[in-house]
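First up is the structure itself, then whatever we jot down about it.
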């Protein structure tokens, strides 16, 4: 039974991978990528890693792909005439050669690793999620905290990068119009607006 | 009987497809999607080794890889939005702002 599932997941994963890099429209590519990610989660369940499978579905298919689709629809891209680079056939043939070489290496290698202590029976007796949690919060606590720091940095970086430059300026203008009756409120609102406007002009001219 | 080699072959093919997508596609967003595909191939390798070598380390590293992929997607898409706002292009060969 698991053999059948393995070949089903392998076939769908590879087909949707091919479709992801060959579809013309970015939205179609995104949908093919969702299919690929969900079937990778199926692989994880076959490998007794149900927590990773759940995280894969929630984070990848639920969050990352939605982010991609949001950006695609926000940018309103038009489908281009030419989706590939000029010499894509040469690159594809080169890649085919490299993949053949790697596949031969993979098929010949003995993988003589030292087996660890977490046998599948032991993990299933404790519960896979529980076993992962115990290992992560004892042996891998420092990497876990560092990942938290990394995510914080990524959030701040994304916000700073994607911030609209003229937003403060427009808000200041909106505040200025109703405050026109009171002289001191007006002066306070105009001053930062002028500063940000000049800053923006400088930035744009430089670019 | 499914062995480790089966999983490794699947993930080799997936990684190659992702690398091919990075190399031949012109759209920046699809280049990022191909990078996600490559990260997934690496994840599949990690979890397969973790199962066949009886160790939980591979699964934990796979979780970290998923978190890193999330951060990479967020920052990469923010960069795409900024570039698209500055000049209306998402083709990687038109984005040569830092080319000397």
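FYI, it's all coordinate maths here, none of it is from the lab. Keep in mind the model is a prediction, meaning the values are calculated, not measured. In this analysis, Cβ positions are derived from the backbone assuming ideal geometry, glycine residues included, and neighbour counts consider all displayed protein chains.
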Task: Cα-derived Rg over Rh, computed across the protein assembly as shown with Rh taken as Kirkwood radius - done: 1.08
- [ ] Could you work out how far helix B:57-86 tilts from the main Cα principal axis of chain B, as a 0 to 90 degree angle to the nearest 10?
- [x] 10 degrees
- [ ] Take the alpha-carbon positions of region A:48-106, form their convex hull, and give its projected area averaged over all directions (one quarter of the hull surface) in nm².
- [x] 7.1 nm²
TODO: Take the Cα radius of gyration of region A:26-176 and divide it by 2.2 N^0.38 Å, with N its residue count; two decimals is plenty.
DONE: 1.53
Task: Relative contact order (%) - criterion: Cα under 8 Å, at least six apart; region: region A:1-141 - done: 21 percent
- [ ] Calculate, in nm to one decimal, what residue A:155 and residue A:57 gain on full extension: separation in residues at 0.36 nm each, minus their alpha carbon distance.
- [x] 33.2 nm
Task: Förster-model FRET efficiency, 41 Å R0, residue A:91 and residue A:171, C-beta, rounded to 0.05 - done: 0.30
Task: B:46, A:19, A:141 arranged by Cβ crowding within 10 Å, fewest neighbours leading - done: A:141, A:19, B:46
TODO: From zero up to wherever the largest Cα-Cα distance of region A:66-141 sits, split into 5 Å bins and tell me the percent of pairs in each.
DONE: 3, 10, 8, 8, 8, 9, 12, 13, 13, 12, 4, 0
TODO: Once you have a ≥ b ≥ c as the square roots of the Cα gyration tensor eigenvalues for region A:1-99, tell me rounded if a/c is under 1.5, and otherwise prolate or oblate according to whether a/b is larger than b/c.
DONE: oblate
Open item on the list: Give me the one-decimal nm value for the distance between modelled label points at residue A:50 and residue A:1, 7 Å along each residue's Cα-to-Cβ direction.
Closed with: 1.4 nm
Task: Additional length obtainable on full extension of the chain from residue A:137 to residue A:82, 0.36 nm per residue less Cα span - done: 14.9 nm
Open item on the list: Using the Cα atoms of region B:19-88, I'd like the radius of gyration and the largest Cα-Cα distance, Dmax, both in angstrom.
Closed with: 15.2, 51
Task: Approximate spin-label separation residue A:67-residue A:12, in nm, with each point projected 7 Å along Cα-to-Cβ - done: 2.5 nm
Open item on the list: For A:82, B:25, which order do you get if you count the other beta carbons within 10 Å of each Cβ and list the fewest first?
Closed with: A:82, B:25
